[in-house]
Amino acid sequence: MDELFGLFNKKTSTLVGVDIGSSAVKLVVLNRDKNDIVLDSYAVVNLPPAAIIDGHLQELGVVADAIEKAVKICGSKLSCA
(Lines give C-alpha, C1' and ligand atoms only; values in the text may rest on other atoms or scores of the structure.)
Protein backbone atom coordinates (compact mmCIF):
# COMPACT_ATOMS: atom_id res chain seq x y z
CA MET A 1 0.00 0.00 0.00
CA ASP A 2 3.02 2.31 0.44
CA GLU A 3 3.31 2.79 -3.32
CA LEU A 4 -0.24 4.13 -3.37
CA PHE A 5 0.67 6.85 -0.88
CA GLY A 6 3.25 8.10 -3.37
CA LEU A 7 0.34 9.32 -5.51
CA PHE A 8 -0.47 11.94 -2.86
CA ASN A 9 1.77 14.95 -2.59
CA LYS A 10 2.10 16.92 0.64
CA LYS A 11 -0.46 19.53 -0.42
CA THR A 12 -3.06 17.16 -1.85
CA SER A 13 -4.82 14.46 0.10
CA THR A 14 -7.61 13.74 -2.38
CA LEU A 15 -7.57 11.51 -5.45
CA VAL A 16 -10.33 11.20 -8.03
CA GLY A 17 -10.71 8.13 -10.20
CA VAL A 18 -12.93 8.00 -13.28
CA ASP A 19 -13.90 4.90 -15.25
CA ILE A 20 -15.70 5.52 -18.52
CA GLY A 21 -17.30 2.28 -19.58
CA SER A 22 -19.70 1.34 -22.33
CA SER A 23 -22.70 1.44 -20.01
CA ALA A 24 -21.78 3.93 -17.27
CA VAL A 25 -19.37 6.51 -15.92
CA LYS A 26 -18.06 5.62 -12.48
CA LEU A 27 -16.26 8.12 -10.26
CA VAL A 28 -14.61 7.62 -6.86
CA VAL A 29 -13.12 10.11 -4.43
CA LEU A 30 -10.35 8.85 -2.14
CA ASN A 31 -8.88 10.73 0.81
CA ARG A 32 -5.90 10.18 3.05
CA ASP A 33 -6.67 9.57 6.72
CA LYS A 34 -3.35 9.33 8.56
CA ASN A 35 -1.84 6.12 7.12
CA ASP A 36 -4.96 4.87 5.37
CA ILE A 37 -6.75 5.68 2.15
CA VAL A 38 -10.51 5.86 2.53
CA LEU A 39 -13.34 5.99 0.04
CA ASP A 40 -14.98 9.37 0.56
CA SER A 41 -17.70 9.14 -2.08
CA TYR A 42 -18.63 7.50 -5.35
CA ALA A 43 -21.10 7.87 -8.18
CA VAL A 44 -22.35 5.73 -11.04
CA VAL A 45 -24.10 7.49 -13.93
CA ASN A 46 -25.61 5.33 -16.66
CA LEU A 47 -24.91 6.08 -20.32
CA PRO A 48 -27.23 5.49 -23.26
CA PRO A 49 -26.25 2.49 -25.43
CA ALA A 50 -25.03 4.68 -28.32
CA ALA A 51 -22.64 6.85 -26.25
CA ILE A 52 -19.76 4.38 -26.50
CA ILE A 53 -19.66 1.64 -29.13
CA ASP A 54 -16.93 -1.03 -29.21
CA GLY A 55 -14.81 1.05 -26.84
CA HIS A 56 -15.01 4.16 -29.02
CA LEU A 57 -16.53 7.39 -27.80
CA GLN A 58 -19.46 8.32 -30.04
CA GLU A 59 -21.20 11.08 -28.10
CA LEU A 60 -18.71 13.33 -26.32
CA GLY A 61 -21.34 15.70 -24.92
CA VAL A 62 -23.35 12.89 -23.35
CA VAL A 63 -20.26 11.42 -21.68
CA ALA A 64 -19.09 14.86 -20.52
CA ASP A 65 -22.52 15.50 -18.99
CA ALA A 66 -22.34 12.14 -17.20
CA ILE A 67 -18.93 13.02 -15.74
CA GLU A 68 -20.25 16.40 -14.61
CA LYS A 69 -23.25 14.74 -12.99
CA ALA A 70 -20.98 12.25 -11.20
CA VAL A 71 -18.84 15.10 -9.84
CA LYS A 72 -21.98 16.83 -8.54
CA ILE A 73 -23.16 13.61 -6.88
CA CYS A 74 -19.81 13.27 -5.12
CA GLY A 75 -20.13 16.71 -3.62
CA SER A 76 -18.89 20.25 -3.66
CA LYS A 77 -15.35 19.25 -2.62
CA LEU A 78 -14.78 18.37 -6.26
CA SER A 79 -15.89 21.65 -7.75
CA CYS A 80 -12.35 22.21 -9.07
CA ALA A 81 -12.04 18.71 -10.57
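The values are calculated or read from the model by the stated rules, or taken from the named source; none is laboratory data. As the structure is a computational prediction, the values presented were derived from the model and not from experiment. All Cβ positions, even for glycine, are placed from backbone atoms using ideal geometry, and neighbour counts span all protein chains on display. Keep in mind that these areas ignore ligands, DNA and RNA; they rest on the heavy atoms of the full protein, side chains included. Shrake-Rupley method; radii C 1.70, N 1.55, O 1.52, S 1.80 Å.
Only residues that are open to solvent by 80 Å² or more (accessible area, probe 1.4 Å) and among the hydroxyl-bearing types (Ser, Thr, Tyr) were counted in the stretch 25-76, giving 2. Out of curiosity, is residue 22 surrounded by 13 or more Cβ atoms within 10 Å (Cβ to Cβ), touching a residue at least 24 places away in the same chain (Cβ under 8 Å) and polar (S, T, N, Q)? Answer is no for this residue.
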